[in-house]
């Protein structure tokens, strides 16, 4: 597994809020595979595991039974399917969810280096070989994009980063990528909660290209960097117009303004190993109380909007996955802010520049 660099930086007024996600104890071993293949089956078989938990993201649920059958047949193990949705390597199955499981097979995600695993875990990144770098570089050139540009990719398309960078250079377009902080396993990699490689590059480039499918990562990247973000789909060869960051940020600042007079705050804390920022939660409680607000911590595993219905809080600050506040806030009965937005709401941070809640 690749090691991470020390690329990302933390705004000075947020440094005290950055808590380690791990607890310092040794982590169970991890193995990394590009796809479901003989190497995976052999490694699972040789590990000595008897009962394996299989976790797949939403896009692969239709294939889960087939993959489970192949594991049983080729690796000789009992397989139990994890039914709940899988949002990333931050919420892999715990021993409590899969009693008697010896190991886990997690599809579609790379390991997060600083997250402690309680089960031996086989990460299958589902690397996708598709995408013609020459054609994609032509698409970037013909669109008249500025240079230099930062390049960020989902783990499935990281193998295309080098060939695309070279193909673009032959057409006079410079693409740059960088290694992020200890939460990222690879250079140029994006996580929905962490774009530190891009954040470090932002002063050097005129915009960013996200290489991958869907809008989840481009939206997160647009929040994290004050630069235009284009989404390049390597499978369809489609280049989308740059995202309107001003509108995205403006909506969040409106939500902050709605919370200026909030007196009773709920501080949301996840019990998942990969999303637990208890030290940050403690600091937020202290800051709220120093400012004359009432504040209480609410601990949960997977947060459901129904969990907050009927509670006596004016607003919430979320220390779990940052995308809960940014993407799902409209689903909740009261406003949900990120920690930087909370500091804005209580007057400890200016509204500009907007700070993405980077999960370290």
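The values are calculated or read from the model by the stated rules, or taken from the named source; none is laboratory data. Quick caveat, the model's predicted, so the values are computed rather than measured. We place every Cβ from the backbone using ideal geometry, glycine too, and count neighbours over all the protein chains shown.
Take residue 232 and decide whether it is in contact with a strand residue (DSSP E or B) (Cβ under 9 Å, 6 or more places away or on another chain), crowded, with 20+ Cβ neighbours inside 10 Å and over 22 Å from residue 341 (Cα atoms). So residue 232 fits the description; yes. Take residue 320 and decide whether it is within 19 Å of residue 280 (Cβ to Cβ), assigned to a loop (DSSP other than H, G, I, E, B) and in the same structural domain as residue 271 (by TED's automatic domain parsing). When the stated conditions are applied, residue 320 passes them.
Criterion applied to 307, 357, 330, 312 was being under 21 Å from residue 220 (Cβ atoms) and surrounded by fewer than 22 Cβ atoms within 10 Å (Cβ to Cβ), and the one residue passing it is 330. Pairs are defined by a Cβ separation below 6 Å, a sequence spacing of at least 6 or placement on different chains, a first member in the range 238-253 that is within 22 Å of residue 213 (Cβ to Cβ), and a second member that is loosely packed, with under 14 Cβ neighbours inside 10 Å and at pLDDT 95 or above; the pairs so defined are 239/143. Here is the figure for the range 283-304: residues that are in contact with a helix residue (DSSP H, G or I) (Cβ under 7 Å, 6 or more places away or on another chain) and either without any contact (Cβ under 8 Å) to a residue 40 or more places away in the chain or within 10 Å of residue 270 (Cα to Cα) (or both) total 4.
Going through the range 162-176 one residue at a time, which ones are within 23 Å of the chain's Cα centre (by Cα) and buried (at least 21 other Cβ atoms within 10 Å of the Cβ)? Matches in the range 162-176: 175 only. Among the residues of the range 139-158, those that are in contact with a strand residue (DSSP E or B) (Cβ under 8 Å, 6 or more places away or on another chain) and not in a helix (DSSP H, G or I) comprise 143, 145, 148, 149, 150, 151, 152, 153, 154.
When the range 65-112 is filtered for residues that are within 18 Å of residue 31 (Cβ to Cβ) and out of contact with any strand residue (DSSP E or B) (no Cβ under 9 Å at 6 or more places or on another chain), the ones remaining, listed by number, are 70, 74, 76.
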